[in-house]
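Read through the structure below, which is laid out as structure tokens, and then see the notes.
The values are calculated or read from the model by the stated rules, or taken from the named source; none is laboratory data. Just so it is clear, the model here is predicted, and its values are computed rather than measured. As a convention, Cβ positions derive from the backbone with ideal geometry for all residues, glycine included, and neighbour counts pool all protein chains shown. Ligands, DNA and RNA are excluded from the accessible area calculation, which covers all protein heavy atoms including side chains. Shrake-Rupley method; radii C 1.70, N 1.55, O 1.52, S 1.80 Å.
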Amino acid sequence: MGQPLRLGIAGLGTVGTGVVKIVRQKANLLAARAGRPVEITAVCARSRDKDRGVNLSQYAWEDDPSTLAARDDVDVFIELMGGSDGPAKAATEAAIAAGKDVVTANKALLAHHGHALALAAEKAGAVIRFEAAVAGGIPVIKALTEGLAGNDITRVMGVMNGTCNYILTRMQSAGLPYVEVFEEANTLGFLEADPTLDVGGIDAGHKLALLASIAFGTQVDFDAVELEGIEQITIDDIHHAAGMGFRIKLLGVCQMTGRGLEQRMSPCLVPDDSPLGQLEGGTNMCVLEGDAIEQIVLRGPGAGEGPTASAVMGDVMDIARGMRIPTFGVPAATLSRAKPAKAVTPAPYYLRLALDDKPGALAKVATALGEAGVSIDRMRQTRHDETTAPVLIVTHKTTRAALDEALAHIAGLDVMAQSPVVLRIEKV
Ligand code: HSE
């Protein structure tokens, strides 16, 4: 049996407590698999007195995560505090400066500072692992960096925020409006302390930026992610989309194109019989595409104590076994700065227009689309009230620029009672 691997854990919330439980309950299994004991030596959290349902008495307690990170008896600093800056960043930097390996679930920290931290870690001979930061328990980082290492990755897609998927699927199954389901999700404790992180697409955007870096060998560039949340999705759109064979998902897509790196996190329509379309509730899904593999689909729990602690322990076990893969799959100094794509890949679009119910309104819309080179695939006018007529249009594949040109023209025609709803239909 080799020397013990000694862990220092900062943050004893749901995930931290889950990690403590696994290390305590599976000591023999972990030691057998790693060829060395895996032990916790020190912990740190905001409150020392809180009852977390686990016995922490045998571990040293630190009030300051940076002090914990640099302790002589800590080999791996496990950062489970969260936050893109502040104590999480300071403690991670302290760990790296002390030459410690880092395991983190902190997507915000890495989305904003991942490249600098990776450079610092590699200079110090340390590794940073972050499986738990993306899609909870799904081993998507391992899949990209290890299992698919022989592929040119062509596209990565995913539903990576379980709360949004819960809200969208619950709206559909219960026929409830967004605000009601949002409140329900809040009551159930699904939402982050700042709900905008979830419903604004930011949390999922952080995850997408990390996957893009690994997939395309580029520096993490969260600011280049085109972000749109789910707050504007109505139950009407969910029903209309369903009537045409689609589901609405908060979908992340990244791909390298001739126009640069495209990174989008936005509500999209996907076919209801596709794996993404059938994804229900708080579950996550990652779809990875490469030249040799073609496509694989990974599905699993995106949050929660067990799944996230499982991902943390996967990283810990890699370190215990001596695996030292660079943070983003290649040495950080070799990651290129990707040019963000100025235009997204052409796609069909779903449009919902509330037209004034007067002669010629629909004809003017069709003409404006035609003049911009946007071809209509399907069109449906649904039941209308006394003054407005809801019109649904599915276009053929078109550029967003052509569509925007048509919509700008239509906006000036005085035929629309409300702003249009425009959702991309993603080929999955
Ligand atoms: N709030 C996230 C989700 C989990 O709902 O998927 C943490 O990233």
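Before moving on, here are some points about what is shown:
- Solvent exposure of segment 349-425 amounts to 51 Å² per residue of accessible area, where only protein heavy atoms count and the probe is 1.4 Å.
- Percent carbon-and-sulfur accessible area, the chain, ignoring ligands, DNA and RNA, probe 1.4 Å: 50
- Each part reduced to its alpha carbon centroid, segment 3-39 and segment 163-235 end up 31 Å apart.
- DSSP finds beta bridges in the chain, and of those with both partners inside it, around 65 percent are antiparallel.
- Estimated inter-spin distance, Thr234 and Gln278, nm [label 7 Å along Cα→Cβ]: 3.1
- Farthest towards the positive end of the charge dipole of segment 50-192, among the residues Thr92, Phe77, Leu148, is the Cα of Leu148, using unit charges on the Cβ of Lys, Arg, Asp and Glu.
- Qualifying GluC sites (Glu not before Pro) for segment 221-294 [loop in DSSP, other Cβ within 10 Å: at most 14]: Glu280
- Peptides 176-183, 345-352 ranked from most to least packed by the mean count of surrounding Cβ atoms within 10 Å: 345-352, 176-183.
- Pairs beyond 18 Å (Cα-Cα), from Lys100/Lys123; Lys21/Lys89; Lys249/Lys427; Lys207/Lys249; Lys249/Lys342: Lys21/Lys89; Lys249/Lys342
- Computed FRET value (nearest 0.05) for Ala363 with Ser336, which takes r as the C-beta separation and R₀ as 35 Å: 0.10
- Per residue, segment 5-133 exposes an accessible area of 41 Å² to a 1.4 Å probe, with every protein chain left in place.
- Cut-off 18 Å (backbone N to label point 7 Å along Cα→Cβ of Ser57), residues of segment 12-31: 21, 24-25
- Rough spin-label spacing in nm, given labels placed 7 Å along Cα→Cβ, for Ile296 and Thr387: 5.7
- Assuming charge only on the beta carbon of Lys and Arg (+1) and of Asp and Glu (-1), the dipole of the chain about its Cα centre is about 1040 debye to the nearest 20.
- For the chain, the longest principal axis of the C-alpha atoms and the axis of helix 178-187 are separated by about 20°.
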